[in-house]
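Each reported figure results from applying straightforward, stated rules to the coordinates on display, with no laboratory input. Everything numeric here is computed off the predicted structure, so don't read it as measured data.
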Amino acid sequence: MPVLELRGITKSFPGVLANDNIDLTLEKGEIHALLGENGAGKTTLMNILYGLYKPDEGEVLVNDQPVSIEDPNDAIEHGIGMVHQHFMLVPVMTVTENVMIGNETTRNRIFLDHDAVSKRIREISDQYGLEVDPNAYIKDLPVGIQQRVEIIKVLYRQADILILDEPTAVLTPQEVKGLFKIVHSLVDTGKSIIFITHKLKEVLEIADRITVLRGGRVVGTTIAGQVDENKLAAMMVGREVNLIVEKKLAKPQELMLEVHDLYVRDEREHLTVNGVSFDVRAGEVLGIAGVQGNGQTELVYALTGLLPAVSGSIRISGTDIHKSTPRQILEQGVAHIPEDRQKHGLVLSFPIYDNLILCNYYLSPFARGVNLQEKTITSNGLELVKQFDVRTPSPSLPASKLSGGNQQKVIVAREFSRPIKLLIAAQPTRGLDVGSIEYIHSRIIQKRDEGTAVVVVSSELDEIIALSDRIAVMYRGQIMDIVQAGEITKEQLGLLMAGVHLSEEEKKAKKPATVVERVF
Amino acid sequence: MKDQKVKDTSPKPKENKSLAQEIAAGWQSLLLPLLAIFTGLLIGAIVIAVSDAKVVEAWAQFFQAPGAALAATWKAISTAYGALFGGALGSPKAIVEGFRTYVSTGESTDLLKAIYPLSESLTTSTPYIFAGLAVAVGFRCGLFNIGAEGQFFMGALGAAFVGYNMRGIPWFIHLPLALLGGAAAGAIWGAIPGYLKARFGAHEVVNTIMMNWIAFRLSDWLLNGPMKASGFRPVTPNIDQTAELPRFFADPLRLNWGFPLALLTAYLIYWLLFKTTIGFEIRTVGANPDAARYAGINIIKNFVLAMVISGALAGLSGSAQVLGVDHWVGQGFSAGYGFDSIAIALLGKSHPFGVVLAALLFGTLRSGATRMQSMAGIPIDIISIIQGLVIIFVAAPAIIRWLYRIKAISGEQTVLTRGWGK
């Protein structure tokens, strides 16, 4: 008997059929992966299950009983809990307080009963191996532990069905292993899990059954042992996908970027880049690996003039730019694919063609004096949209109407269509679908082969390995090591990302240089 | 997922469908403000009815004479709104007949009398257009200029000063100089909070409010001291005739060159905002300051620039009122033009053409209200209530959508889900 069954769920938004007659069953004690590209309808489906949307058609059955889920409280009542990708925690409160929020246990109906809740948290963490200190403040905890708190929150509300939304997106490889152990201990005690992801390797590692969504429909449900990555990727995208970044050996030329002993403070005045030195030559890709929040963001901001350097030097083709404005740096021939495309990369309310000239609107041929040349701007928009395969009915639509992948393509189109000699790409494919990742990776390598120096910052190890010629690993604002891409294993990189220096034997255990597979 | 878009590329939206959506979006952006105005008038009608003693009395007898209650209600509302719109637009019949008399006999008295209400409405709209543009330019740069009132006052004083102080120069020098003087005074008043924001991060809302008070008290002093005309009242001397914005018709019609000047200015602001790199920068800073910085745009410069332009426009608003209508400045001269202009910019969606339409509406209501007060005995404040309601409905379109069961079109829907879970 399935613990959860979705029957014929259909949900349309004006103009889009987000879920089309979706059936899904979850057995007791099962890990069921829901796989699909962004926009395939995974999130809509889960939001329906969690009571955030109402389906147009179809029904939800819990333990064979049809239920109506109007809001998250109903979902919790039926034993359905959700761990969101972006944690819903209050940083300045303790673990106990965060677990209590919305479900406060009280003494005499007035006083919060911290002790009872802490006790319950300890019981839960002992039972499932979710080690966490109930009195710790969230802001002091690493991301992996914060995720445990989210899981405890759900278990505290006695959920039997857990929905994990992209749970590995923010974790190191080691933390992912820890999470998987927890997930297994959960199903061992009879919990059932829906695991949402777009990473193929993880799915094969953790799931019992896999349901693939595409374009709002179920493409198929299979058992993990019966498929491989290529097959899953093809199901997701609807065609055969090139899982390997094809690239020739790099031909590094003259020094393009030299960073020496750089210190940067973030907006809250914390010293987050702590004496970083490296250089990049024209025609090579330097990958900067690291778990999010280890200074990569601020490093990129300093390189592009968005944050001032406290000390140290940044030279581009020999010119020191550490005191230059963003515009002066752009005019040096620096392209920047920003980490947060909606914050820095796009003006969402502007039409696509205006976003395509965001960095050079004041230059010929887009402006003559102060007069914007509308014809040139729109024809430039049409051309780039075509050239970079941005899927949109018209370049005059606002950028907000594009999917994430197409928004990123707009940024890539803008940055690559200028004459550039240094490309700084921060998380260039975060949250994108397989097709877009494939496309953007091949474009980056194409730029490299044209003689552009490339810095790729990514928290996805597979992306770093796929693109880089050399890899620098950042940890707590410092560079742990810079290595040749072919000479290090993923596990060794994982250790460096966690701040562990490699011993001599480990360094010798070289991995043969092969074509590296891209993983999602 | 980072960006939870309902919209998707894989079932690719058909081109014609999305075009239809575009049209629907355009239609809605017009329909919603119209319905907001309509709803404001409707609720205003209720207020008029319940504040009328006769209507209330008739309703007390509703079960004895339901017809009388309804008739009394209808009478109160129709008299009030009849006077309002009659006072604002005049009678079409009288205009046609006046025109006929003028063509056949050359006698213009009837015609002028017939178009007098229209002339008053446009005259009242003129400062609204300038001041609405002022606030709109601020909005476009992401700045909330509440100081239009003070800038309006300073502009009026600046224009008056040039107007009465310089004598014996030809009008084609004196008038532009007076306008320039008003614009400059307003621009300075706007630039101060703009600079404080750019340099020290001081919030422009607080600073523009403070600048309003400084402007009011400064004007008290100026009108009682340095700028006081001879006599008892704290007013400036009359401006010289060469500084006046010429009127189109003989007295009492006050429609003057300020009105076409306002329309021209609206077009210039449209050109500046949407057709030039200057406007591109202002709009980028307003729509997404982070992206503006990323693109190398100098945010500080644009904050100051936008406040200077905004202040200059508010200053022009005051100048147009002095040079075209009053010809002197007294205490309380600004009379809420600057504050109403916030509402106008909101109603006009911060677009110059929208501002013109919203200003015409406000001007019409204001000038009609005077007649409504004298004809129907309805206090002029009812107009403020209607204006307030319209603004609420424009600021919260969800209410209008709910009232009239208008579905939001896709794209707007995505806003609901975007960022959810962050």
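Would you kindly work out the equivalent ellipsoid of segment A:343-418 from its C-alpha gyration tensor and give its semi-axes, the square roots of five times the eigenvalues, largest first in whole Å? Intermediate results must be reported in sequence, preceding the final value.
Numbers: eigenvalues 74, 29, 26 Å².
Each semi-axis is √(5λ); the values are 19, 12, 11 Å.
For segment A:2-237, I need the span (max minus min coordinate) of the C-alpha atoms along each principal axis, in Å, sorted largest to smallest.
Per principal axis, max minus min of the Cα coordinates gives 52, 38, 31 Å.
Which aspartates and glutamates does A:Lys447 reach when only Cα atoms under 16 Å apart count, and residues fewer than 8 places away in its own chain are ignored?
A:Glu246, A:Glu254, A:Glu284, A:Glu415, A:Glu438, A:Asp469
Give the long-range amide H neighbours of A:His322: residues separated by 5 or more places, or on another chain, with amide H under 5 Å away, using H modelled in the peptide plane at 1.01 Å from N.
A:Ile314
Can you give the % of DSSP beta bridges in chain A that are antiparallel, to the nearest 5? Don't skip to the end; give the middle numbers.
Details: 51 of 86 bridges.
The antiparallel fraction comes to roughly 60 percent.
Shape call for segment A:4-91 from the C-alpha gyration tensor, a ≥ b ≥ c root eigenvalues: rounded (a/c under 1.5), prolate (a/b greater than b/c) or oblate?
Numbers: a/c = 1.34, a/b = 1.07, b/c = 1.25.
Rounded is the answer for segment A:4-91, as its axis ratio a/c remains below 1.5.
Could you give me the ³J(HN,Hα) list for segment B:65-74, computed from phi with Karplus coefficients 6.51, -1.76, 1.60 and θ = phi - 60°, whole Hz, x at Gly and Pro?
My calculation for segment B:65-74 gives 9, x, x, 5, 4, 5, 5, 5, 4, 4 Hz in order.
Given the rule -39500 (n - 2.57) for each run of at least 4 DSSP H residues, summed and divided by the residues of the protein assembly as shown, what is its mean residue ellipticity at 222 nm, to the nearest 500 deg cm²/dmol?
Details: 34 runs with 469 residues, N = 942.
Helix-only estimate at 222 nm: -16000 deg cm²/dmol.
Cα gyration tensor of chain B, axes a ≥ b ≥ c as square roots of the eigenvalues: rounded (a/c below 1.5), prolate (a/b > b/c) or oblate?
Numbers: a/c = 1.72, a/b = 1.05, b/c = 1.64.
Note, shape of chain B comes out oblate.
Here are some pairs, A:Lys181/A:Lys231; A:Lys177/A:Lys248; B:Lys54/B:Lys407; which of them have Cα atoms lying more than 31 Å apart in this structure? Please list the in-between numbers first.
Details: A:Lys181/A:Lys231 26 Å; A:Lys177/A:Lys248 33 Å; B:Lys54/B:Lys407 40 Å.
Pairs exceeding the cut-off: A:Lys177/A:Lys248; B:Lys54/B:Lys407.
Report the extension gain between B:Ser108 and B:Lys407 in nm, rounded to one decimal, defined as 0.36 nm multiplied by the number of residues separating them, less their alpha carbon distance.
Details: separation 299, 0.36 × 299 = 107.64 nm, distance 5.14 nm.
So the chain would gain 102.5 nm between B:Ser108 and B:Lys407.
Aspartates and glutamates within cross-link reach of B:Lys228: Cα-Cα under 12 Å, excluding same-chain residues under 8 positions apart?
B:Asp220
Work out Dmax and Rg for chain A from the C-alpha atoms and quote the Rg first, both in angstrom.
For chain A, the Cα radius of gyration and maximum Cα-Cα distance read 24.4, 74 Å.
Over all distinct Cα pairs, what is the inverse of the mean 1/r for segment B:125-347, reported as the Kirkwood hydrodynamic radius in Å?
Working: mean 1/r = 0.0576 Å⁻¹.
By the Kirkwood definition, the hydrodynamic radius is 17.4 Å.
Hey, can you grab everything whose amide H is under 5 Å from the amide H of A:Ile424? Only 5+ residues off in sequence or another chain; H modelled, so Pro and N-termini drop out.
Amide H to amide H, under 5 Å and 5 or more residues apart or across chains, A:Ile424 pairs with A:Ala335, A:His336, A:Ile337, A:Val455.
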